[in-house]
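Asks: Take a look at this one; I'll ask things after.
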Amino acid sequence: MKAMGGEALRRASKQRMFGTRGWARKYEARLFLTDVVVVALVMVGAHAVRFGWDPFVGVTGDDSPAYWQVTVIVAALWVLQLGWTRSREALVLGHGPQEFQRVLLASWHTFTIVAIVGFLTQWHVSRGYLLFAIPLGTIALAVYRAAWRAWMHTQRDRGELLAQVIVVGPMLTSQQLIRRIQRSPRAGYSVIGACLPAGHRFVDEDMQDVPLLGTLDEAAEVAKREDAEYVLLSGTDAMSLRESRQLGWELEGTDIGLIVAPAMVDVAGPRVSMSPVEGLPLLHVDIPRFEGGKYYLKEIGDRLAAFTLLALGALPMLVVAALIKITSPGPVFFRQERIGRDHEPFAMLKFRSMYVDAEKRLEELRERQRAEGNEVLFKMKDDPRVTSIGRLLRRFSVDEVPQLINVLKGDMSIVGPRPPLRSEVDQWDDARVARRQLVKPGITGLWQVSGRSDLSWDESVRLDLYYTENWSLAGDAIIVLRTVGAILFGRGAY
């Protein structure tokens with residue numbers, strides 16, 4: 001079967017992903033070089049801060065090396081750990097938290113190995129030296145990796161650095177998968193066509209530009225003919241186990257990868273494990289739990305962080321309060337009822353960014369303009385109810401700072417789902433949406449770092465549900481770092 005209408009494929013990327021000249025190898029090489037430079041600078045800086053510029057200062061202990069040797073060894077070990085944890089692997093670059101999680105893991109492994117060697121040899125490596133180098137180095141690695149990721153996003157927005165994919169499987173699941181890929185071009189995949197069961201074709205209007213290249217039986221030949229880099233199997237409903245295995249065999253030796261999308265979606269890696277049974281790779285998915293040790297750790301960490309930030313930010317908050325009071329009449333704080341964990345209401349605090357009659361004018365504005373594709377949330381660009389100072393506070397999310405008081409009280413978390421209004425909860429007509437309230441709402445969250453006010457209602461719900469069931473302490477740390485970037489660049493804030 002030929003492509004629909006005989007149209008030529010419009011390939012997004014001119015470069016292939018893999019191969020000796022592929023963009024993946026070039027990008028990994030750049031990361032390796034910058035890893036070496038950053039780690040070397042950090043380790044030399046730590047040595048200089050702790051011991052000055054004397055390279056021959058010795059480590060305390062029998063037959064101990066000089067600190068310049070420790071600096072070289074730790075730097076080399078750190079760079080190797082960044083490779084061993086696969087933090088430079090092309091499949092995790094540019095999208096999701098895995099790259100940063102692996103950077104953190106490499107730093108932890110480095111610190112652990114040095115501590116164990118010091119214990120076994122009785123070499124007393126300076127704790128100040130290590131405590132300066134490892135945390136600072138980890139932050140530096142994360143910052144420059146974020147800069148590389150921003151560059152990659154720019155390239156992918158232009159249609160470069162993408163892997164060419166052909167989607168193979170039943171029509172409905174293929175459509176859903178293609179839509180998700182098209183919504184996330186920064187994930188690094190470009191759908192160049194599809195293979196469906198014989199006699200089937202896409203009927204939805206938004207699928208008309210996806211060429212139908214062949215049937216399921218022809219998938220391997222189509223992938224070779226179209227020079228695809230991956231065949232993405234969207235489901236096995238229309239294929240037997242033997243046919244799925246046959247597809248893998250036909251792709252052997254072609255440099256075309258096979259990706260299998262499981263039927264279970266929006267489940268994070270920590271909840272998934274695999275066990276082979278009679279040649280079948282069975283995915284085990286842990287049932288989400290909403291209590292236990294990690295929740296107690298999150299609670300303690302939230303309150304300590306809130307207390308520290310409030311203490312450090314007391315003076316700037318007083319300045320903001322004065323500006324609000326001077327520029328428009330009314331209270332400094334805006335209190336609004338929100339729905340928290342287990343549907344318990346609480347009064348959420350913000351710096352007031354609107355005129356005092358904002359709530360009275362809400363219905364009038366709701367009728368005039370709704371956010372595009374959003375039937376529940378009300379968000380308006382250039383909202384006339386916002387004060388001049390309020391617009392600045394909102395752009396950089398300064399109006400959210402008083403929510404740290406809510407965190408200290410236990411109503412909210414630093415990271416969590418968006419806290420909904422009661423009016424929004426009353427409009428929920430899907431039982432799954434209420435699962436967002438199984439955890440505490442957060443000041444920031446996946447919704448914050450994925451578009452904020454630019455998100456549609458359905459996308460906001462999907463992100464909040466994903467977080468509710470899959471959150472982790474490491475994931476929270478990544479979200480906080482991404483939040484800083486979202487705030488600095490004011491993405492989706494109005």
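Asks: Sort out which residues of region 279-325 are at pLDDT below 90 and β-branched (Val, Ile, Thr), and write them in order of number.
Replies: 285, 287
Asks: Continuing with this model, one more query. Which of the residues spanning region 392-451 are of a type in the set (Phe, Trp, Tyr) and not in a helix (DSSP H, G or I)?
Replies: Passing the criteria: 396, 428.
Asks: Can you tell me which of 94, 128, 83, 137 is small (Gly, Ala, Ser), over 20 Å from residue 43 (Cβ atoms) and either in contact with a Phe, Trp or Tyr (Cβ under 9 Å, 6 or more places away or on another chain) or in contact (Cβ under 8 Å) with a residue 60 or more places away in the chain (or both)?
Replies: 94
Asks: OK, next. Go through (1) closer than 30 Å to residue 138 by Cα; (2) surrounded by 19 or more Cβ atoms within 10 Å (Cβ to Cβ); (3) modelled with pLDDT of 85 or more; (4) not charged (D, E, K, R) and name the single condition residue 450 misses.
Replies: Condition not satisfied by residue 450: (3).
Asks: Now for a separate question. Quick one: would you say residue 179 is modelled with pLDDT under 85, of a type in the set (Lys, Arg), in contact with a helix residue (DSSP H, G or I) (Cβ under 8 Å, 6 or more places away or on another chain) and not assigned by TED's automatic domain parsing to the domain that holds residue 89? Spell out how you get there, then give the answer.
Replies: Working: modelled with pLDDT under 85: no; of a type in the set (Lys, Arg): yes; in contact with a helix residue (DSSP H, G or I) (Cβ under 8 Å, 6 or more places away or on another chain): yes; not assigned by TED's automatic domain parsing to the domain that holds residue 89: yes.
Answer is no for this residue.
The values are calculated or read from the model by the stated rules, or taken from the named source; none is laboratory data. The model shown is predicted, which means the values in this text are computed figures rather than measured ones. When we count neighbours, we look across all protein chains shown, and the Cβ atoms used for this are built from the backbone with ideal geometry, even at glycine.
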